Every structure is written in C-alpha cells, then in structure tokens.
Amino acid sequence: MPQRAIVHRFGPPQDVVTLEPYVPPDLQSHEVRVRMLASPINPSDLVTIAGQYRMRIPLPFLPGFEGVGYVEAVGSNVRHLALGERVLPVGSAGMWQSFKTVAGEWCMPVRDYLSDIEAATSFVNPVTAWLMLFVEGRLVPGMRLFINGAGSAIGRILIRMANHIGVAPLISTRRAASLQPAYEGLQVAHHLIEEDDDYECQRQAYLRDMDIVLDCVGGNEGICWKVGLKPGGLYIHYGLLSGQALPLPFWQQRQDVRYIDFHMRRWLHSASPVARREVFERVMAWVSQGIARTDHWHECAFETLPQQLLHMASGESLKKRILLFN
C-alpha cells in the first residue's frame, strides 16, 4: 500500500515525522497523479518540520519540498502532460509520499539529459541560488560577494555559479573540514573558518565593501555580516541554519543598505508560468553542466526515512540524503 510521511506536531524531525499508509485521492479534472521516484531531505524541510514557519503551515503537514516522479494518471482537462513523462511537481510540499496529486500547471517537465538524482535536486537549491545571484543580486564580474554556510549544498552551488561568471566570493564555514575549496575546484577570495582562534580578526580584515551578502544562518550570527556591506549593498537572508530568526531591529541598524528576506515560495507563486519555465530550463542546463549540481549525496530507501532523520540529527554524516521510492 502507498506510504507517506506526515507531521502531526512540530518538533525535532526525528521525533515528529512518521510514515503511514494512505489511499491517494481521486483526480480532479485539472490534476495529475505523480508516482514519486526520488526526493531529497533539505535543510528547508527540517526547519519547517521543527516549526520555524508554523504560523503559515497548518497541521497535519506532509513534508518534502523537492522531488521528481513520472505522470501516472492525468485529469481530463490536462493537455500538456503525457503518461510516463518525468516531472517536478513543484508549488507545494508533500514530496515524501509514494504518489503526489498536484494541479497539472505545477508540473515542470524534466529534460532527458538529467538523471533522476539530478532532477530530484534541481529545484530548491539551484533555482534559489540562480534567483538570488542573478535576479535579486544582478551579480556581474567585479562585484564583491560574501556567502556564509558555504559548506552546505547550496553554498557550493552559489560558489560555482559565481565562478562561472568570473566572481570569486569571500566565504565562511563553521569548520574547515566542511569545505575544501581548492580540492573541490572552487575559486574563492578568502575562506573564513568560524572555529579558528583568529576568526574575528580575519572577518574584520576581509569582510568589507561587499556588494552582496548571502546569509543562510540567521540569528545573532547573521547580524555581524551586515557590517561588511558597502552603502547601497544588498543583504539577502534565505535560511535559518542557526534555528533562530534575525533580531527584529536588524535591518533598522543599516538603513543605507537593501534587505531581502528571500523565500522561494514567494517567487514561485508570483512568477508567470512562462517565467517559471524559462528559469527551470536555464537551471536544468546548469545542473547538467555541473555548475548547479548537488554534491555529496547518499541514496536511501524511502521506508528508512525515520532512521535517516535520526542519523542526520546525530551529525553522523554531512551527505545529503536522497529518498528513493519503489
């Protein structure tokens, strides 16, 4: 029988995510049923399950914001999708289930040149990175860019995208072991390591006159990055790896800079279908070229999701988990 992950209360993912059997709903005329093939476990999934966005997410909640599958059934009014076609069913959560029912307009066709794993990881991080750098930030050669949390999957993608147009960003990671830029073929202006004894001195020496700061950490740690922005610079906040929101007066302390609280969902639901397709086409090409690829992933059966969440909570592995469905 099909299974799905469900959250009945917010809290630590390893404690509140459970698997349950379910019967997929009957199709409406505008919907398709997607048999899921693969779905990653992203940091955005975990912070949502933990309750960071509980004010806008009703319970019970079906987690999983990214994945790929193939069309198994099509509603009578859906004309642009065919049975057996691989798609990204974007626009809503609920990827961690055997079958996802979604409006046909929210299914993005996947190019044949992408593997299932590449397709499953071609949305959340690559599209977010591309929008922040080239739509919001309008990054061009010669600009100074800072990226914190650079050892994450999206951090690596951001660095490669910047490198692709000739920008070597300043980066920071908590530990040296989480990212070795030279070994991974990444070009950076300088690598700040937060656990180093001289970290604060290095931060003051290198973090200055930045055009763009990309913050995925938040909390009190996120505050220090604003001082490195030049007047008129752009601060983009897009993640909560610290588990804490930025303090309320944060953006009031630097009224000479621009501040964006970036949410993929906001862009996704405000962009036109044509604009969405154009962005996805460009990003999928960059995934296939390696520019926007996801590194260091580990495949695991969907049925092992509770165990995977437990392993991730223990910090046993830095590899991204990709859930595979039968």
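Figures for the structure shown
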| read-out | value |
| --- | --- |
| Residues of the stretch 168-181 classified as farther than 16 Å from ILE212 by Cα, open to solvent by less than 30 Å² (accessible area, probe 1.4 Å) and in a loop (DSSP other than H, G, I, E, B), total | 2 |
| Subset of the stretch 182-223 that is in a loop (DSSP other than H, G, I, E, B) and either in contact with a Gly (Cβ under 8 Å, 6 or more places away or on another chain) or β-branched (Val, Ile, Thr) (or both) - its residue that is modelled with the highest pLDDT | VAL188 |
| Number of the condition not met by VAL124 [criteria: (1) modelled with pLDDT under 95; (2) farther than 23 Å from ARG282 by Cβ] | (2) |
| Lone qualifier among VAL17, VAL7 - being buried (at least 19 other Cβ atoms within 10 Å of the Cβ) and farther than 17 Å from ARG321 by Cα | VAL7 |
| Failed criterion for ARG86 (all others in (1) open to solvent by less than 10 Å² (accessible area, probe 1.4 Å); (2) within 23 Å of SER44 (Cβ to Cβ) hold) | (1) |
| Selected residue (only one of ILE41, ILE49, ILE57 is within 19 Å of the chain's Cα centre (by Cα), aliphatic (A, V, I, L, M), surrounded by fewer than 19 Cβ atoms within 10 Å (Cβ to Cβ) and closer than 18 Å to GLY239 by Cβ) | ILE57 |
| Residue pairs meeting the criteria (Cβ under 6 Å; at least 6 apart or on separate chains; first under 16 Å from VAL47 (Cα atoms) and at pLDDT 85 or above, in the stretch 309-326; second in a helix (DSSP H, G or I) and open to solvent by 50 Å² or more (accessible area, probe 1.4 Å)) | LEU309/GLN14; LEU310/GLN14 |
| Every residue from the stretch 285-320 that is of a type outside the set (Phe, Trp, Tyr), within 24 Å of VAL135 (Cβ to Cβ), in contact with a helix residue (DSSP H, G or I) (Cβ under 8 Å, 6 or more places away or on another chain) and assigned to a helix (DSSP H, G or I) | VAL287, SER288 |
| Top-ranked residue of the stretch 90-125 - restricted to ones that are among the charged types (D, E, K, R), closer than 24 Å to PRO24 by Cα and surrounded by fewer than 23 Cβ atoms within 10 Å (Cβ to Cβ), ranked as nearest to the chain's Cα centre (by Cα) | ASP116 |
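The values are calculated or read from the model by the stated rules, or taken from the named source; none is laboratory data. Since the structure is predicted, the reported quantities are computational estimates derived from the model, not experimental observations. We place every Cβ from the backbone using ideal geometry, glycine too, and count neighbours over all the protein chains shown. Side chains are part of the model used for accessible areas, which takes the heavy atoms of the whole protein and leaves out ligands, DNA and RNA. Shrake-Rupley method; radii C 1.70, N 1.55, O 1.52, S 1.80 Å.
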